[in-house]
Amino acid sequence: MIDLYYFPTPNTWKVSIMLEECGLPYTLKPVNITRGEQFEPAFLRISPNNRVPAIVDHAPPSELGSEPVSLFESGAILIYLADKTARFLADDARQRYRTLQWLQWQMGGLGPMAGQYNHFKMVAPPNEYALTRYTNEVRRLYGIMDSELKSHPYLAGEEYSIADMACWGWVSLYELQELDLTPFPKLWEWYERVAARPAVQRGRAAGKGLFDNAPPPSEEHRKRLYNPEPAR
């Protein structure tokens, strides 16, 4: 059994989708980041960067011994689960690195830039410069995906992989972001292709309603979420 420390974000959906794709049993461990639960000492022992997702695998591969394995950072978790199950990350070295480059592209580009766009679009006080900058950057990254997908159905080639899982959740926010995907027809086809997978639908819906009755964040919690003080 795998514990998935969860709040509904694109980074966490990557892992719930991968768990569903691999048919691995898991338990959701809610972490309400709007109430500061990511700063609790028990969670920090698993995820010292105070971010979701994180996992604890209570039945790791035999070469890692019998002690549970805990991991934070969604990209590392995807690679771990791919290696554990021998799925969605090719054994062929060239294809493996092709997949990993797109995973790292998401970790270093699409995720952070889309996250900043979301912040300045929906949370921060009006800032025309920042919103224009991140709008243009997200569109640029969508253009890169659209161009890549002209020659094959998935980001790393002919086969669906952890690279697609990593990127799909961020693109799935396009309506909330009020971003038009019409200029990116191949990206849209890819989005629909991935969205049609039953495991993607289950992973995206994992935890649905889990936080529906949670009170809205207080001003103190909002400050800690969006402007945390440096660690001491």
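Read-outs: derived from the displayed coordinates by stated rules, not from any lab. These numbers come from a predicted model, not from an experiment. Neighbour counts are summed over all protein chains in view; Cβ atoms, including those assigned to glycine, are modelled from backbone coordinates with ideal geometry.
Worth pointing out:
- Helical segments meeting 20 Å axial Cα length and Kyte-Doolittle -1.0 threshold in the chain (DSSP H): 128-148
- Computed helical MRE - 222 nm, the chain, DSSP H runs ≥ 4 contributing -39500 (n - 2.57), nearest 500: -15000 deg cm²/dmol
- Residue exposure sequence - Thr27, Thr9 - by fewest surrounding Cβ within 10 Å: Thr27, Thr9
- Sorting Thr182, Thr135, Thr12 from the fewest to the most surrounding beta carbons within 10 angstrom yields Thr182, Thr135, Thr12.
- Net charge dipole size for the chain [Lys, Arg +1 and Asp, Glu -1 on Cβ; Debye, nearest 20]: 280
- Projecting the Cα atoms of Gly143, Leu187, Ala86 onto the charge dipole of the range 76-202 (Cβ charges, centred on the Cα centre) puts Ala86 farthest toward the positive pole.
- Taken about its Cα centre, the range 54-118 carries a charge dipole of roughly 300 debye when the Cβ of each Lys and Arg holds +1 and the Cβ of each Asp and Glu holds -1.
- Hydrodynamic radius (Kirkwood) for the range 93-203, which is based on Cα pairs only, to one decimal in Å: 14.5
- Stretched out straight at 0.36 nm per residue, the stretch from Tyr129 to Arg94 would grow longer than its current Cα-Cα span by 8.6 nm.
- In range of the label at Glu158: residues from the range 92-126 whose backbone nitrogen is under 20 Å from the point 7 Å along Cα→Cβ: 92-102
- Here the range 135-201 and the range 11-51 have alpha carbon centers that stand 24 Å from each other.
- When Ile77, Ile162 are arranged by Cβ crowding within 10 Å, least crowded first, meaning fewest neighbours, the order is Ile77, Ile162.
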